[in-house]
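**Q** Here's a structure for you.
The values are calculated or read from the model by the stated rules, or taken from the named source; none is laboratory data. Here the structure is a predicted model, which is why all the values come from computation and not from measurement. Positions of Cβ are backbone-derived with ideal geometry, glycine not excepted, and every protein chain shown enters the neighbour counts. Keep in mind that these areas ignore ligands, DNA and RNA; they rest on the heavy atoms of the full protein, side chains included. Shrake-Rupley method; radii C 1.70, N 1.55, O 1.52, S 1.80 Å.
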Amino acid sequence: MLNPQSPVPLYRQLADIILAKVRSEEYLPDSRIPSEHCLAAMYGIGRPTARQAVDFLVRKHVLERKRGSGTFVRARQKEVDLFSLAGTTSAFHREGITVTTQILEKTRLKIVSTDQENPFSGNQAYFFSRLTLVKETPVIIEDIYLHPEIFTGIDSVDMKNQSLSKVVEERYFMRPVSGRQNFMIGYAEGKKSLRLGISSKEPVLVVKRSLNFLQVQNAIYSELFCRTDQFVFSQTIGGMADD
């Protein structure tokens with residue numbers, strides 16, 4: 001039962017109870033939980049408090065409301081090893097998830113603006129930008145920079161719905177041997193937020209990644225802007241021995 005003497009607000013106590021039932025699978029994915037009226041009666045609280053608890057779990061993507069049907073346990077998000085050396089497209093395919101990509105900016109040589117994290121800062125690099133969608137829902141924007149000498153001719157390749165790692169392996173006979181990634185919470189500003197279908201004030205996961213090859217270090221650098229309301233993104237540590 002709830003403890004009115006606790007410093008923890010009653011709605012948070014109820015939210016924790018519901019969350020525990022979800023994790024123990026007493027409330028199964030896609031199942032309907034008791035109504036707010038029932039929760040209020042079960043735990044001896046007012047309906048506004050019950051609604052506050054449910055609202056909290058809806059915001060945390062644990063529950064979801066279905067108009068005219070009630071409140072349901074949200075199906076578990078698929079976990080995608082987005083940050084393995086195999087690359088983003090391959091990561092989705094491994095989970096049996098079909099993705100499409102849209103080219104936002106075609107591959108071209110450009111002078112990279114000053115950025116201490118970008119290994120091509122102040123120099124020339126091939127650049128292209130693409131949007132990854134799952135079932136027509138935007139999920140990730142990737143800004144990708146490639147070594148201008150190692151990847152000569154990459155601008156002639158149509159990267160729409162192509163795996164970059166596959167292109168690099170089949171066209172340039174190269175595979176990454178190591179990499180470095182920085183993770184942070186950031187914001188997709190301007191056109192990026194519109195293309196991701198989110199508000200510019202909504203935080204996203206930002207990943208800055210460099211890939212190393214036997215031929216050259218930091219041959220590919222990318223910045224990923226990832227919506228986290230669609231998938232759980234994970235990371236595998238190690239190489240590509242099984243690829």
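**Q** Which pairs turn up if I take residues in the stretch 1-23 that are modelled with pLDDT under 90 and look for partners that are open to solvent by 50 Å² or more (accessible area, probe 1.4 Å) and part of a loop (DSSP other than H, G, I, E, B) with beta carbon separation below 8 Å, at least 6 apart in sequence or on another chain?
**A** From the stretch 1-23, the pairs are MET1/GLY44.
**Q** When the residues of the stretch 66-77 are narrowed to those that are surrounded by fewer than 16 Cβ atoms within 10 Å (Cβ to Cβ) and within 19 Å of THR228 (Cα to Cα), which ends up modelled with the highest pLDDT?
**A** ALA75
**Q** Has the stretch 7-14 got at least one residue that is under 27 Å from ARG227 (Cα atoms), open to solvent by 50 Å² or more (accessible area, probe 1.4 Å), in contact with an Asp or Glu (Cβ under 9 Å, 6 or more places away or on another chain) and assigned to a helix (DSSP H, G or I)?
**A** no
**Q** Looking only at the stretch 124-138, count how many residues are at pLDDT 90 or above and either more than 18 Å from CYS226 (Cα to Cα) or part of a loop (DSSP other than H, G, I, E, B) (or both).
**A** 4
**Q** Given ILE45, ILE33, which one is buried (at least 16 other Cβ atoms within 10 Å of the Cβ) and more than 32 Å from the chain's Cα centre (by Cα)?
**A** The conditions single out ILE45.
**Q** Identify, please: which residue in the stretch 97-143 is in contact (Cβ under 8 Å) with a residue 40 or more places away in the chain and basic (Lys, Arg) and is, among those, surrounded by the fewest Cβ atoms within 10 Å (Cβ to Cβ)?
**A** Once the filter is applied, the top-ranked residue is ARG108.
**Q** Can you tell me which residue within the stretch 96-123, out of those that are assigned to a strand (DSSP E or B) and not hydrophobic (A, V, I, L, M, F, W, C), is farthest from ASN161 (Cα to Cα)?
**A** The residue in question is LYS110.
**Q** With respect to the numbered conditions (1) basic (Lys, Arg); (2) surrounded by 12 or more Cβ atoms within 10 Å (Cβ to Cβ); (3) modelled with pLDDT under 90, which one is the sole condition not fulfilled by ARG59?
**A** (2)
**Q** Out of everything in the stretch 20-30 that is of a type outside the set (A, V, I, L, M, F, W, C) and in a loop (DSSP other than H, G, I, E, B), what residue ends up being least open to solvent (accessible area, probe 1.4 Å)?
**A** TYR27
**Q** Please work out which residue is most open to solvent (accessible area, probe 1.4 Å), limiting yourself to the stretch 144-172 and to residues that are in contact with a helix residue (DSSP H, G or I) (Cβ under 8 Å, 6 or more places away or on another chain) and aliphatic (A, V, I, L, M).
**A** ILE150
**Q** Mind listing whichever residues of the stretch 218-243 are touching a strand residue (DSSP E or B) at 6+ places or on another chain (Cβ under 8 Å), modelled with pLDDT of 75 or more and open to solvent by 20 Å² or more (accessible area, probe 1.4 Å)?
**A** ASN218, GLU223, PHE225, ARG227, THR228
**Q** Next question, about the same structure. Can you name the condition, by its number, that LEU211 falls short on among (1) farther than 26 Å from THR114 by Cα; (2) over 14 Å from the mean Cα position of the chain (by Cα); (3) at pLDDT 90 or above; (4) surrounded by 14 or more Cβ atoms within 10 Å (Cβ to Cβ)?
**A** Just one mismatch for LEU211, condition (1).
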